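> Submitted below is the structure of interest, expressed as structure tokens.
The values are calculated or read from the model by the stated rules, or taken from the named source; none is laboratory data. All values reported here derive from a predicted model rather than from experimental measurement. Cβ atoms come from the backbone with ideal geometry, glycine included; neighbour counts cover every protein chain shown.
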Amino acid sequence: MKALLFRILLLGSVLPFAATDRPVCAAAAVLSRQYYSSWTYQPRQRYYARRFYYKPTPTYSGYSYHYAIYYPKRYSSRPRYSRYVYYYNPVRRVYWGRFDLEGEPGKQYSLLKQADRKSNLDEIPESAFPPPGEMPVLPDSEDSVRIKPIAKKNLPDDSAPDDLPAAATKK
């Protein structure tokens, strides 16, 4: 009976995670050092955001998180940003790097120098982003586990006219 109950609970845990970059089931999420939440649209800022959850160390209790931010081409007032997913630290309130969606696999991340990290993306000149390289290691990590990149196929669909909430299309 306990085995049957466990299977039912496990199956119920799998379904909510099936369409995201999260681990396949809740049990895997507990054991994973990193995962992404689903995308949510922020109509005032006109971008999509998702949380990047991570454990700085394998024994860290709970998760820390940063944001991954994507400006869709279709509705963005910042078309130059739509090629990238920007990483934002909500504690320090700064953008700290970006992932090039069109870059060469394995050489897609530009990590900003500490002095170039700003709270407003418009204040970071294009020249501040170094040539892209490997994904950085997990923030505050003492080992060499790298952040998992966001797959281009997992971006929100910005090609269809009705892909964004109604508030997003109003100016």
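> When the residues of the stretch 103-113 are filtered to those that are surrounded by 16 or more Cβ atoms within 10 Å (Cβ to Cβ) and modelled with pLDDT of 95 or more, which remaining residue is farthest from D140 (Cα to Cα)? If you could, list the steps in order and put the result at the bottom.
Looking only at the stretch 103-113, we keep the residues that are surrounded by 16 or more Cβ atoms within 10 Å (Cβ to Cβ), and these are 103, 108-112.
Then drop every residue that is not modelled with pLDDT of 95 or more, which leaves 108-112.
Values: Q108: 21, Y109: 18, S110: 18, L111: 14, L112: 16 Å.
So, considering only residues that are surrounded by 16 or more Cβ atoms within 10 Å (Cβ to Cβ) and modelled with pLDDT of 95 or more, the one farthest from D140 (Cα to Cα) is Q108.
> Answer yes or no as to whether A166 is modelled with pLDDT under 90 and surrounded by fewer than 12 Cβ atoms within 10 Å (Cβ to Cβ). First the steps, then the outcome.
Working: modelled with pLDDT under 90: yes; surrounded by fewer than 12 Cβ atoms within 10 Å (Cβ to Cβ): yes.
Yes; evaluated as a whole, the condition is true for this residue.
> Looking at the stretch 106-147 only, could you name the residues that are out of contact with any Pro (no Cβ under 8 Å at 6 or more places or on another chain), outside any loop (DSSP other than H, G, I, E, B) and farther than 19 Å from Y81 by Cβ?
The answer is Q114, A115, G133, V137.
> Among the residues of the stretch 93-110, how many are hydroxyl-bearing (S, T, Y) and under 9 Å from P132 (Cβ atoms)? Quick ask: steps written out before the conclusion?
Let us first name the residues in the stretch 93-110 that are hydroxyl-bearing (S, T, Y), namely 95, 109-110.
Now restrict to residues that are under 9 Å from P132 (Cβ atoms): 109-110.
Total satisfying the criteria: 2.
> Here's a check for you: in the stretch 114-159, which residue that is among the charged types (D, E, K, R) and under 17 Å from Y70 (Cβ atoms) is modelled with the lowest pLDDT?
Let us first name the residues in the stretch 114-159 that are among the charged types (D, E, K, R), namely 116-118, 122-123, 126, 134, 140, 142-143, 146, 148, 152-153, 157-158.
If we keep only those that are under 17 Å from Y70 (Cβ atoms) too, we end up with 122, 148, 152-153, 157-158.
Values: D122: 91, K148: 95, K152: 85, K153: 87, D157: 74, D158: 65.
Step by step, filter the stretch 114-159, then rank; the result is D158.
> Check K55, K73 and return the single one that is in contact (Cβ under 8 Å) with a residue 60 or more places away in the chain and farther than 20 Å from M135 by Cβ. Even if it seems obvious, please write down each step before you answer.
On the way: K55 fails: farther than 20 Å from M135 by Cβ.
Within the list K55, K73, the selection yields K73.
> Restricting to the stretch 86-102, name every residue that is loosely packed, with under 14 Cβ neighbours inside 10 Å and assigned to a strand (DSSP E or B).
Taking the stretch 86-102 and keeping what is loosely packed, with under 14 Cβ neighbours inside 10 Å, we get 90-93, 102.
Correct list: E102 only.
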